[in-house]
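The values are calculated or read from the model by the stated rules, or taken from the named source; none is laboratory data. What you are looking at is a predicted structure, and each value in this text was computed from that prediction instead of being measured. Please note: Cβ atoms are built from the backbone with ideal geometry, for glycine as well, and neighbour counts cover all protein chains shown. Keep in mind that these areas ignore ligands, DNA and RNA; they rest on the heavy atoms of the full protein, side chains included. Shrake-Rupley method; radii C 1.70, N 1.55, O 1.52, S 1.80 Å.
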Amino acid sequence: MSAAITPAARPLRLEPVTAENFDAVCAIQVRPDQTHLVSPVVKSLAEAYVHTAAWPRAIVDGEEIVGFVMAFLDIAWDPATDPADRRSGIWRLNIHAGHQGKGYGRFAIHAACEEIRARGTNEAYVSWHTGHGTPEPFYLGLGFRPTGEYAGDQRVGVLPLNTRADIPADTPTAIPADTP
């Protein structure tokens, strides 16, 4: 009689975008109804090339790239109004259409916020389009709160990062191997 083997959890991780994973990262496509809400990964990578404050990462589950997240680190938010107002936060989040709803976005935001916090920043910012299909409920569910500001036509939200406890406890750090 043999014991049942329980599949181990596949560790989720963020990895730098490299020459080896570039094509897979660029192949990330959100659902067609979301394309007006987030720029394609290739545009984000081009922006990362010219903006040294960008922190682009592939979201990896096991050996599979399932999404892309890019943070911004210590930028002058509105230098004309307040040059001392420096912020860090989430610039882009793209989860491949076939992998949405599985916790990858929550994981990526959590991991990016941990990176921001580890760099000594007390808050993480994000902006989102309003209207049909907006990711606003997702960001509010993670604890971001609107600041009352807009970046262009996007609402700005902020999340305090004083402790790890500020990130919701149910944010996954791994997904069981038998999860589809």
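Annotations for the structure displayed:
- Dipole size of segment 1-126 about its Cα centre, with +1 on Lys/Arg Cβ and -1 on Asp/Glu Cβ: approximately 260 debye, rounded to the nearest 20.
- As a fraction of the 1.4 Å probe accessible area of segment 1-148, surface on carbon and sulfur atoms comes out at 55 percent.
- Average accessible surface for segment 33-129: 45 Å² per residue, computed with a 1.4 Å probe over protein heavy atoms with every protein chain in place.
- Think of each Lys and Arg Cβ as +1 and each Asp and Glu Cβ as -1; about the Cα centre, that makes the dipole of segment 11-52 roughly 100 debye.
- One Cα centroid belongs to segment 113-148, the other to segment 20-65; the line between them spans 18 Å.
- Fully extended contour minus Cα-Cα distance, from residue 114 to residue 13, at 0.36 nm per residue: 35.1 nm
- Gain on full stretching of the segment that runs from residue 138 to residue 76 - 0.36 nm per residue minus C-alpha separation: 19.7 nm
- Within segment 1-141, DSSP assigns beta bridges of which about 95% are antiparallel (rounded to the nearest 5).
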